[in-house]
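A.B. asks: Questions regarding the structure given below will be posed in turn.
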Amino acid sequence: MQSYYSILFITLDIGKNVHWLAAYAGFELKPVIEPLKVRSDKAGFERVTRLIDGLLSSGEYERVILGHEPTGIYHEAWARALAERYEAYRQGQCQPVLEYRFINPLLSKRQRETSGNGRKRKSDKLDLKAMALCLREGQGQPAFLPSAQALRFQLWGQAYRQNRRELRCLNVNLLSQLDRLWPGMLVNTKRFQKMHPELEVPVPLVLSKPLERQRVRVIIQHCPNPHQFLGLGQGGIQSFFRQHLGRCGEATASLAYPLVQQALLPPSELADLLADQLQLDFEYYLSLEQRFETLAHQAESLVPDSPAAVLTTIPGVSSLLAARYLAHLGHPQRFQKAAEVWALAGFDPLTEESGDFRRVGHISRKGDPDLRDTLFLIGLHTANHLPAIAQVKQRARQRGKGDIGATLHAAQKANRICHHRLYHQLPFDPARLR
């Protein structure tokens with residue numbers, strides 16, 4: 001039986017320009033190398049590896065565990081160099097066996113606070129000891145670094161998520177500008193009727209997704225100033241829409257004209273300024289929209305020759321959803337359990353236990369909102385194609401869950417299927433789904 005006292009824990013605290021190194025032996029974490037500060041350049045790397053080489057060749061340790069936090073991007077250069085340098089030790093070809101692990105910063109933070117009796121104190125030296133405690137307790141995951149293919153997915157995922165966030169923010173901004181420039185053009189009639197049943201429901205220009213409607217787009221691009229639009233008159237409005245849309249009946253013109261006629265518009269000189277800004281922002285919105293479509297098409301070329309291809313064998317999982325799923329995970333074998341992916345998204349429930357009492361609360365939401373959206377969409381679409389997942393959603397509804405809650409139950413089962421298929425690289429087999 002291997003003794004805890006024959007294990008060496010080596011920890012690194014990664015920074016941008018400076019790293020720290022320490023080594024601890026045995027269960028009591030007896031310091032072997034006191035916290036040492038080095039530059040993050042080649043000279044610093046060689047100094048650190050000379051120290052590690054000496055410990056490995058000393059014959060005092062049966063097992064060595066090396067670990068650090070995957071700190072943003074700053075760990076990547078050293079992580080690749082360390083993995084390559086000690087590959088023979090990691091594969092068991094040289095003795096002692098060396099394990100290389102990444103430690104979640106949240107775990108080391110908890111260890112730091114626990115060992116400090118709850119005090120919120122942080123320093124590089126304290127971090128090194130906290131990471132050693134994590135390694136001693138078996139925490140962390142095997143170090144992994146993206147291959148060229150995995151990096152391609154990560155870069156695509158970053159671009160896709162950033163573009164999506166910018167589109168959402170700009171969408172809200174444009175709708176706000178429209179409300180300021182042309183009050184009454186856009187109204188959520190369902191919400192209005194629910195909140196003000198005693199009032200007459202207004203009739204907006206379009207009922208839903210205004211920036212996707214051609215009427216709204218044409219107005220923003222060609223006549224955003226409501227005073228100029230009002231000057232066209234009802235007949236001129238009909239001709240305006242026919243010119244830019246190719247069609248427009250009297251009903252559309254008779255709807256648009258009263259809207260602008262009855263609106264309490266800003267002064268003409270202010271409307272000119274607001275209209276110009278609206279057009280500029282909408283041009284940027286269109287460019288983001290085009291970029292978004294390009295990225296969605298790129299997923300179709302990325303997926304077929306990648307590990308994510310097995311996900312597209314699941315009915316309801318498109319190439320885009322498969323690419324988004326793998327881009328979030330980074331590596332097919334990064335997570336051993338589907339529950340870890342679920343927790344990464346922030347879908348894990350808040351729990352409270354004490355004695356005979358146990359309460360399960362709402363989801364934590366302490367995770368990646370884009371991954372939550374990806375999992376939700378996978379649950380939504382697979383429930384429409386797979387009877388087993390549809391039954392999960394239906395049973396959740398029978399227990400009183402709303403549509404969103406029921407879809408989340410479907411997404412949880414769909415995530416288990418996706419993770420298993422991706423982790424083991426197995427195409428979907430409907431006969432094995434229960």
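We did not get these values from a lab; they are worked out from the coordinates using the rules stated. Everything numeric here is computed off the predicted structure, so don't read it as measured data. Neighbour counts are summed over all protein chains in view; Cβ atoms, including those assigned to glycine, are modelled from backbone coordinates with ideal geometry.
A.B. asks: Between the DSSP loop rule and a limit of at most 13 other Cβ atoms within 10 Å, which trypsin sites (Lys or Arg not before Pro) in segment 245-327 are left?
C.D. replies: Values: sites: R247, R291, R324; in loops: R247.
Loop-located and lightly packed - R247.
A.B. asks: Oh, and also: At 10 °C and a viscosity of 1.306 mPa s, what translational diffusion coefficient does Stokes-Einstein give for segment 4-145, taking Rh as the Kirkwood radius over Cα pairs? Give it in µm²/s as a whole number.
C.D. replies: Calculated translational D: 106 µm²/s.
A.B. asks: What ratio of Cα Rg to 2.2 N^0.38 Å holds for the chain? Intermediate values should be presented prior to the final figure.
C.D. replies: Values: Rg = 29.1 Å, N = 434, 2.2 N^0.38 = 22.1 Å.
The value comes to 1.32.
A.B. asks: Using only Cα atoms and rounding to the nearest 10 degrees, what angle (0 to 90) does helix 233-245 make with the longest principal axis of the chain?
C.D. replies: That helix lies at roughly 40 degrees to the long axis.
A.B. asks: So what J values fall out for segment 221-228 if you push phi through Karplus, 6.51 cos²θ - 1.76 cosθ + 1.60 with θ = phi - 60°, rounded to Hz, Gly and Pro as x?
C.D. replies: Karplus values, whole Hz, x for Gly and Pro: 6, 10, 7, x, 7, x, 5, 5.
A.B. asks: On to the next question. May I ask for the equivalent-ellipsoid semi-axes of segment 164-248, computed as the square root of five times each C-alpha gyration tensor eigenvalue and listed largest first in whole Å? Provide the component values of the computation, followed by the final result.
C.D. replies: On the way: eigenvalues 108, 68, 29 Å².
Sorted largest first and rounded, they come to 23, 18, 12 Å.
A.B. asks: Another question about this same structure. Count charges around E212 for me, please; just the other residues with Cβ under 14 Å from its Cβ, Lys/Arg as +1, Asp/Glu as -1.
C.D. replies: Details: positive: R168, K209, R213, R215, R217; negative: E289, E293.
Overall, the nearby charge balance is +3.
A.B. asks: What angle do you read, to the nearest 10 degrees and between 0 and 90, between the alpha-carbon axis of helix 369-383 and the longest principal axis of the chain?
C.D. replies: Relative to the chain, helix 369-383 is tipped by roughly 70 degrees.
A.B. asks: Let me ask you something else. Would you mind counting up the charge near E34? Only other residues with Cβ under 12 Å from its Cβ, with Lys and Arg at +1 and Asp and Glu at -1. Could the numbers behind the result be given before it?
C.D. replies: Details: positive: K30, K37, K125, K129; negative: none.
Its environment carries a net charge of +4.
A.B. asks: Can you give me the Cα centroid spacing of segment 90-157 and segment 298-321 in angstrom?
C.D. replies: 31
A.B. asks: Could I ask something else about it? Do any of K42/K109; K30/K129; K42/K122 go past 22 Å between their Cα atoms, and which?
C.D. replies: Values: K42/K109 29 Å; K30/K129 10 Å; K42/K122 27 Å.
Result: K42/K109; K42/K122 exceed 22 Å.
A.B. asks: Find how many whole Å separate the alpha carbon centroid of segment 179-228 from the alpha carbon centroid of segment 49-64.
C.D. replies: For segment 49-64 versus segment 179-228, the Cα centre distance is 71 Å.
A.B. asks: Separate question: Considering only DSSP beta bridges with both partners in the chain, what is the antiparallel share in %, to the nearest 5?
C.D. replies: Working: 20 of 32 bridges.
That works out to approximately 60 percent antiparallel.
A.B. asks: Okay, next question. Could you check how many percent of all C-alpha pairs in segment 303-432 are farther apart than 17 Å? Display every interim value, and only then the final one.
C.D. replies: Values: 4825 of 8385 pairs.
Roughly 58 percent, once rounded to a whole number.
A.B. asks: To test your reading of the geometry: what angle, between 0 and 90 degrees and rounded to tens, separates the Cα axis of helix 148-181 from the longest principal axis of the chain?
C.D. replies: 30
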